[in-house]
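S.K.: Here it is, the structure in full.
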Amino acid sequence: MIELLQGGVYLVNGKEVVADNAEAAAAIRQMTGKEVDKEEARKATIAYDILKSHNTSGNMDKLKIKFDKLTSHDITFVGIIQTARASGLTKFPVPYVLTNCHNSLCAVGGTINEDDHMFGLTCAKKYGGIYVPPHQAVIHQFAREMLAGGGKMILGSDSHTRYGALGTMAMGEGGPELVKQLLNQTYDINMPGVVGVYLTGEPVMGVGPQDVALAIIGAVFKNGYVKNKVMEFVGPGVASLSADFRIGIDVMTTETTCLSSIWKTDEQIKEFYEIHGRKEEYKELNPGEIAYYDGMIMVDLSKIRPMIAMPFHPSNTYTIEEVNANLKDVLHEAEERAKVSLDGAVDFSLQDKIRDGKLYVDQGIIAGCAGGGFENICAAADILKGRYIGADGFTLSVYPASMPVYMELIRNGCAATILETGAVMKTAFCGPCFGAGDTPANNAFSIRHSTRNFPNREGSKLQSGQIASVALMDARSIAATAANKGALTPATEFDGSINKYLYHFDSKIYANRVFDSKGVADPDTEIQFGPNIKDWPAMGALPENLVLQVVSEIHDPVTTTDELIPSGETSSYRSNPLGLAEFTLSRKDPMYVERAKAIQKAETERMAGGHPCQVIPALKDVMHTAKSMFPDADHTNTGFGSTIFAVKPGDGSAREQAASCQKVLGGWANIANEYATKRYRSNLINWGMLPFLIEEGELPFKNLDYLFIPGIKKAVEEKTDVIKAYVVAGETMKEFELKLGELTDEERQIILKGCLINYNRV
């Protein structure tokens with residue numbers, strides 16, 4: 001099904017894969033009559049060409065990228081624009097689309113969600129942007145329909161910003177990276193590795209894009225095969241996939257931890273642009289005659305079978321057939337993994353879902369940027385036709401990804417087919433993907449064609465003793481399961497026909513409702529604020545020395561951004577930095593906020609000209625011990641704050657608040673063995689937090705210990721590789737080593753200034 005080739009490979013004429021070994025040169029010479037130059041072959045990937053055309057540094061090893069377009073949604077754009085405003089924003093320099101697909105329901109927190117929407121509309125007018133009202137489209141579907149272009153690059157403040165199937169290299173990052181683009185700065189990265197995804201064959205009936213995506217994720221996530229690299233989809237199998245099918249695979253590449261994705265393009269993608277009235281945006285993309293890849297994922301599409309990702313991660317993958325054949329064993333494995341994810345906070349069992357030898361689920365959801373596509377829903381309708389979901393506990397909800405998609409489903413009858421089954425059709429909304437819609441009952445098991453199945457992504461609250469769980473599946477197998485009233489069923493068991501429906505895009509829907517400034521700013525427009533929209537609090541520059549208290553210690557193999565700052569109902573507070581910060585680590589370490597605030601009092605006192613030891617007496621002993629080795633250290637040149645340790649933090653969402661909430665509570669650093677994604681590490685840096693690394697093994701410190709880091713400002717300025725730190729206990733100083741990893745000169749300045757706002761403030 002999936003094979004990972006170890007080491008580099010050449011792709012010759014887009015068809016032949018040749019391993020980079022002693023025989024490679026002769027083999028390629030025989031095929032092409034040309035000599036092999038590896039460095040030139042590296043430049044023959046689609047990814048290299050797009051990155052080169054957007055790089056402003058003149059150095060392809062150290063990229064400084066300027067994007068063509070930007071996109072955000074309503075739980076990120078307020079903070080981004082507030083940050084940019086504080087830094088001198090006067091006009092959006094590139095097209096910037098503000099979609100409203102996360103807090104669409106306006107159901108939590110009184111007026112604050114609609115206040116955010118009105119903030120977005122008035123900012124689009126004032127600064128020259130585009131505003132997509134609630135329920136019109138999810139962020140990524142609108143981008144596919146109206147923004148993508150061959151050879152272009154788009155930056156979005158959502159981790160699933162992926163439009164590679166349409167020939168657009170797109171990246172999802174935390175808000176500060178969009179702020180940089182709004183201020184005419186650049187996205188700075190080393191030239192990423194490029195891994196090929198070589199597709200052959202074609203899918204059998206009943207297999208959908210989520211099945212292919214989950215098979216790939218299961219093969220590459222745990223071993224980091226594509227981490228921070230670009231995935232480039234090539235091979236003869238690409239031609240067998242429709243545009244919608246490719247899009248459905250592409251959006252899930254985020255869950256591999258890759259940096260971005262890109263696909264070869266062909267007549268089917270050309271047709272996609274023509275259907276959407278933007279034929280001029282199509283560009284044929286292919287790798288060169290001899291292209292070099294840092295690895296190759298071999299995918300035989302004909303061997304993919306309906307997949308399921310069991311709780312609580314998209315990489316916990318099995319075929320549905322395997323699950324049904326080994327029910328008790330697979331469910332037991334899921335329960336054992338849950339003990340780590342849930343810290344034993346609640347009892348979690350899936351075994352009680354077995355009835356008469358079958359696994360029965362409680363809910364089905366087809367939604368969002370991954371599941372809500374036209375072909376997915378049409379296929380589900382065909383499988384459900386003439387069936388009904390029953391009058392018991394099982395429910396099925398379907399969310400088309402945009403209003404144009406919904407309209408076409410009404411016109412071709414698929415919407416009626418689905419409604420006749422007892423299922424519910426809803427409007428474009430991302431809620432089921434992040435825990436803000438269709439929350440099932442306690443202990444319920446939901447199957448979803450959405451993007452993630454982390455703990456609480458279905459809306460339950462662990463801290464309230466609630467637990468439900470999500471398994472990811474393709475819309476086709478969800479429909480087959482619904483047709484069997486909740487009994488887990490692969491769509492390959494469906495013996496009817498799945499038709500191919502023509503799609504007609506109705507452009508009038510957006511023309512009549514979406515505000516498009518056409519890039520013309522109106523500086524006289526007054527921004528409409530609501531009472532929950534707050535400015536970022538003042539943040540100080542990095543002092544000469546630091547005293548950090550460890551206020552949380554997390555030893556899970558991976559810590560997600562959902563665990564750092566929960567999604568769901570907290571999303572309504574993302575326009576209020578201090579209000580949102582109250583939720584930080586609330587599901588993982590409920591004591592974090594109290595502890596962080598306690599040590600923050602010392603820094604607040606210091607910044608006000610007072611003495612920190614007067615508000616936290618324990619610091620008097622800490623500083624006394626520190627001065628025994630570093631006599632120049634005192635409260636005038638030493639900052640005080642908190643840090644957390646996590647083994648591998650930052651998997652999942654791009655949300656900057658995973659870092660900014662720690663910062664506004666006085667966080668100065670994270671300490672980790674490794675950072676799960678570039679996105680999270682960048683968020684730390686942009687909020688002035690030190691992304692410390694520590695070697696794996698027994699930690700030299702424990703929770704609530706005080707750490708003294710002398711000369712940290714000088715170490716950042718002078719690019720010191722190894723930083724000496726000390727655990728202060730009584731009158732002893734226990735030395736240990738930290739590293740910061742590679743930082744650009746700009747990133748160092750951001751940390752020194754205290755945050756991106758300070759760096760840019762005029």
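S.K.: What is the one condition in (1) in contact with a helix residue (DSSP H, G or I) (Cβ under 7 Å, 6 or more places away or on another chain); (2) among the acidic types (Asp, Glu); (3) in a loop (DSSP other than H, G, I, E, B); (4) closer than 30 Å to Lys702 by Cβ that Asp589 does not satisfy?
M.R.: For Asp589, the exception is condition (1).
S.K.: Suppose we keep only residues that are among the β-branched types (Val, Ile, Thr) and part of a helix (DSSP H, G or I) within region 731-762. Which one would you say is modelled with the lowest pLDDT? Steps first, please.
M.R.: So in region 731-762, the residues among the β-branched types (Val, Ile, Thr) come out as 732, 744, 750-751, 757, 762.
When the remaining residues are screened for being part of a helix (DSSP H, G or I), the result is 750-751, 757.
Details: Ile750: 96, Ile751: 97, Ile757: 93.
In this case the residue turns out to be Ile757.
S.K.: I'd like to know if region 65-83 contains one or more residues that are surrounded by fewer than 23 Cβ atoms within 10 Å (Cβ to Cβ), part of a helix (DSSP H, G or I) and either of a type in the set (Ser, Thr, Tyr) or not assigned by TED's automatic domain parsing to the domain that holds Val108 (or both).
M.R.: no
S.K.: Give the number of residues within region 133-158 that are within 18 Å of the chain's Cα centre (by Cα) and closer than 20 Å to His117 by Cβ.
M.R.: Number satisfying all stated conditions: 9.
S.K.: Give me the pairs, please: first residue somewhere in region 192-206 and in a loop (DSSP other than H, G, I, E, B), second residue anywhere and of a type in the set (Ser, Thr, Tyr), beta-carbon distance under 6 Å, and either six or more positions apart or on two chains.
M.R.: Gly201/Ser302; Glu202/Ser240; Gly206/Thr492
S.K.: If you don't mind, there's one more thing I want to ask. Six or more apart or on different chains, Cβ under 9 Å: which pairs go from a residue in region 4-29 that's among the aromatic types (Phe, Trp, Tyr) to one that's assigned to a loop (DSSP other than H, G, I, E, B)? Could you list them?
M.R.: Qualifying pairs under 9 Å: Tyr10/Asp20; Tyr10/Val36.
S.K.: Just checking: which of the helices (runs of 4 or more DSSP H) contained wholly in region 405-503 hold 2 or more residues that are in contact with a Phe, Trp or Tyr (Cβ under 8 Å, 6 or more places away or on another chain), surrounded by fewer than 19 Cβ atoms within 10 Å (Cβ to Cβ) and not β-branched (Val, Ile, Thr)?
M.R.: none
S.K.: Return yes when Val179 is in contact with a Leu (Cβ under 8 Å, 6 or more places away or on another chain) and without any contact (Cβ under 8 Å) to a residue 60 or more places away in the chain and no when it is not.
M.R.: Considered against the rule, which asks whether it is in contact with a Leu (Cβ under 8 Å, 6 or more places away or on another chain) and without any contact (Cβ under 8 Å) to a residue 60 or more places away in the chain, Val179 comes out as no.
S.K.: Let me ask something additional. Being of a type in the set (Gly, Ala, Ser), under 30 Å from Phe312 (Cα atoms) and outside the structural domain of Cys123 (by TED's automatic domain parsing) narrows it down to one residue among Ala581, Ala598, Ala538; which is it?
M.R.: Ala581
S.K.: Considering each residue of region 625-658, count those that are in a helix (DSSP H, G or I) and over 17 Å from Gln549 (Cα atoms), and give that number.
M.R.: Initially, region 625-658 is screened for residues in a helix (DSSP H, G or I), giving 625-629, 657-658.
The next check asks that each one be over 17 Å from Gln549 (Cα atoms); those that pass are 627-629, 657-658.
The total comes to 5.
S.K.: With Ala143, Ala124, Ala86 as the choices, which residue is out of contact with any Gly (no Cβ under 6 Å at 6 or more places or on another chain), under 20 Å from Leu182 (Cα atoms) and surrounded by fewer than 24 Cβ atoms within 10 Å (Cβ to Cβ)?
M.R.: Numbers: Ala143 fails: surrounded by fewer than 24 Cβ atoms within 10 Å (Cβ to Cβ); Ala124 fails: surrounded by fewer than 24 Cβ atoms within 10 Å (Cβ to Cβ).
Exactly one residue qualifies, and that residue is Ala86.
S.K.: With the condition kept exactly as written, say whether any residue in region 721-730 is touching a residue at least 24 places away in the same chain (Cβ under 8 Å), in a loop (DSSP other than H, G, I, E, B) and closer than 30 Å to Lys180 by Cα.
M.R.: Scanning region 721-730, I find no residue that is touching a residue at least 24 places away in the same chain (Cβ under 8 Å), in a loop (DSSP other than H, G, I, E, B) and closer than 30 Å to Lys180 by Cα, so the answer is no.
S.K.: Can you tell me which residue in region 504-527 is surrounded by the fewest Cβ atoms within 10 Å (Cβ to Cβ), limited to those that are out of contact with any Gly (no Cβ under 9 Å at 6 or more places or on another chain) and among the polar types (S, T, N, Q)? If you could, list the steps in order and put the result at the bottom.
M.R.: Taking region 504-527 as the starting set, the residues that turn out to be out of contact with any Gly (no Cβ under 9 Å at 6 or more places or on another chain) are 504, 506, 508-514, 523-527.
Restricting the remaining residues to those that are among the polar types (S, T, N, Q) gives 512, 525.
Values: Asn512: 8, Thr525: 15.
If we take residues in region 504-527 being out of contact with any Gly (no Cβ under 9 Å at 6 or more places or on another chain) and among the polar types (S, T, N, Q), then Asn512 is surrounded by the fewest Cβ atoms within 10 Å (Cβ to Cβ).
S.K.: Search region 545-578 for residues being out of contact with any strand residue (DSSP E or B) (no Cβ under 7 Å at 6 or more places or on another chain) and among the charged types (D, E, K, R), and hand back the single one that is surrounded by the most Cβ atoms within 10 Å (Cβ to Cβ).
M.R.: We begin by selecting, within region 545-578, every residue out of contact with any strand residue (DSSP E or B) (no Cβ under 7 Å at 6 or more places or on another chain); these are 555-557, 562-563, 565-578.
From the residues that got through so far, the ones that are among the charged types (D, E, K, R) too are 556, 562-563, 569, 574.
Values: Asp556: 15, Asp562: 25, Glu563: 26, Glu569: 16, Arg574: 29.
Residue satisfying both the conditions and the ranking: Arg574.
S.K.: Restricting attention to region 267-279, and to residues there that are surrounded by fewer than 24 Cβ atoms within 10 Å (Cβ to Cβ) and either in contact with a helix residue (DSSP H, G or I) (Cβ under 8 Å, 6 or more places away or on another chain) or among the basic types (Lys, Arg) (or both), which single residue is nearest to Phe494 (Cα to Cα)?
M.R.: Ranking the candidates gives Gln268 first.
S.K.: Can you tell me which residue within region 518-563, out of those that are assigned to a strand (DSSP E or B) and hydroxyl-bearing (Ser, Thr, Tyr), is modelled with the lowest pLDDT?
M.R.: Thr560
S.K.: Going through region 48-64 one residue at a time, which ones are under 26 Å from Arg144 (Cβ atoms) and either in a loop (DSSP other than H, G, I, E, B) or without any contact (Cβ under 8 Å) to a residue 60 or more places away in the chain (or both)?
M.R.: Lys52, Asn55
S.K.: Restricting region 347-381 to residues that are acidic (Asp, Glu) and crowded, with 18+ Cβ neighbours inside 10 Å, which is farthest from the chain's Cα centre (by Cα)?
M.R.: Asp362
S.K.: Still on this structure, I have one more. Quick check on Thr90: is it closer than 29 Å to Lys264 by Cβ, touching a residue at least 12 places away in the same chain (Cβ under 8 Å) and polar (S, T, N, Q)?
M.R.: Spelling it out, it is not the case that Thr90 is closer than 29 Å to Lys264 by Cβ, touching a residue at least 12 places away in the same chain (Cβ under 8 Å) and polar (S, T, N, Q).
S.K.: Ok, one more. Return a yes/no flag: does region 196-206 have any residue that is within 27 Å of Asn13 (Cβ to Cβ), among the β-branched types (Val, Ile, Thr) and at pLDDT 95 or above.
M.R.: The answer is yes, given that some residue of region 196-206 is within 27 Å of Asn13 (Cβ to Cβ), among the β-branched types (Val, Ile, Thr) and at pLDDT 95 or above.
The values are calculated or read from the model by the stated rules, or taken from the named source; none is laboratory data. Note that the structure is a prediction, hence the values are computed from the model and not measured. So basically every Cβ, Gly included, is an ideal-geometry build from the backbone, and we count neighbours across all protein chains shown.
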